[in-house]
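Shown next, in structure tokens, is the structure this report addresses.
The values are calculated or read from the model by the stated rules, or taken from the named source; none is laboratory data. These numbers were taken from a predicted model, which means no experiment stands behind them. Please note: Cβ atoms are built from the backbone with ideal geometry, for glycine as well, and neighbour counts cover all protein chains shown. Just so you know, the surface numbers come from the protein's heavy atoms only, side chains and all, with ligands and any DNA or RNA stripped out. Shrake-Rupley method; radii C 1.70, N 1.55, O 1.52, S 1.80 Å.
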Amino acid sequence: MFTKILYPTDFSECANAAIPYIKLMKKTGARELIILHVVDIRHSTIIDTTAFGETFVYPYDISDILKKEAEKQMNNLKKQLSKVYKVTPLIIEGIPFKEIITIAEQKKVSCIIMGSHGKSNIEEMLLGSVTEKVVRKSTMPCLVVKRHQRFSS
Ligand code: ATP
Ligand code: MN
């Protein structure tokens with residue numbers, strides 16, 4: 001039924017909470033897994049106000065640093081999940097919810113599995129903003145795994 005799964009992740013603990021459920025989906029006939037990390041272009045420039053003892057403002061592009069860090073995390077995930085699925089790792093730049101929806105449609109996945117929260121993990125929020133937008137706009141089923149979810153198979 002759910003042959004091809006899309007797992008968008010920011011590599012946070014909340015996103016990792018989805019992993020046991022992703023593995024379980026094998027029992028529903030899942031065979032392929034796309035792991036997607038979006039390097040948020042809105043966070044890839046920093047403004048440093050002090051350099052060489054002077055104070056001035058300049059934009060500094062850290063997207064290469066972010067991508068390198070993401071590659072390390074992605075490799076770990078790929079190693080772990082390749083034991084269960086044919087894994088396609090994807091790291092792309094953009095606005096996370098938009099890229100998640102675009103990839104889901106382009107790759108014709110059967111469902112999206114993601115965490116309810118991510119890196120920010122604000123206690124009062126019912127859902128993180130990325131999850132909320134993906135659930136709102138997605139044309140395919142979404143499985144949202146809550147933080148602190150007690151896993152039972
Ligand atoms: P917010 O970002 O709104 O402050 P948050 O960080 O707690 O809140 P989200 O960013 O919505 O929550 O994260 C929820 C889920 O969305 C994550 O568990 C992950 O599955 C997915 N996600 C978040 N950011 C990204 C990203 N940059 N790339 C891929 N997936 C992401
Ligand atoms: Mn977030």
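Annotation: T131 fulfils all but one of (1) more than 10 Å from ligand 1 (Cβ to nearest atom); (2) under 15 Å from C14 (Cβ atoms); (3) of a type in the set (S, T, Y); the unmet one is (1). Among the residues here, K72 does not qualify as at pLDDT 95 or above, touching a strand residue (DSSP E or B) at 6+ places or on another chain (Cβ under 6 Å) and not hydrophobic (A, V, I, L, M, F, W, C). Return yes when V84 is touching a helix residue (DSSP H, G or I) at 6+ places or on another chain (Cβ under 7 Å) and of a type in the set (V, I, T) and no when it is not. Yes.
Looking only at residues of the range 122-153 that are assigned to a helix (DSSP H, G or I) and not small (G, A, S), we find that the one that is surrounded by the most Cβ atoms within 10 Å (Cβ to Cβ) is T131. With respect to the conditions (1) of a type outside the set (V, I, T); (2) surrounded by fewer than 16 Cβ atoms within 10 Å (Cβ to Cβ); (3) more than 11 Å from ligand 1 (Cβ to nearest atom), K119 falls short on a single one, namely (3). One residue stands out among those in the range 115-136 that are of a type in the set (A, V, I, L, M, F, W, C) and within 11 Å of ligand 2 (Cβ to nearest atom): the one that is farthest from N16 (Cα to Cα), which is M125.
Among residues of the range 117-146 that are within 11 Å of I101 (Cβ to Cβ), those with a beta-carbon under 7 Å from a residue that is in a loop (DSSP other than H, G, I, E, B) at least six positions away or on a different chain give the pairs V130/G118; M140/V109; M140/S110.
The criterion of at least 2 residues that are open to solvent by 20 Å² or more (accessible area, probe 1.4 Å), without any contact (Cβ under 8 Å) to a residue 24 or more places away in the chain and not polar (S, T, N, Q) is met, among strands (runs of 3 or more DSSP E) falling completely within the range 1-115, by 45-51, 54-61.
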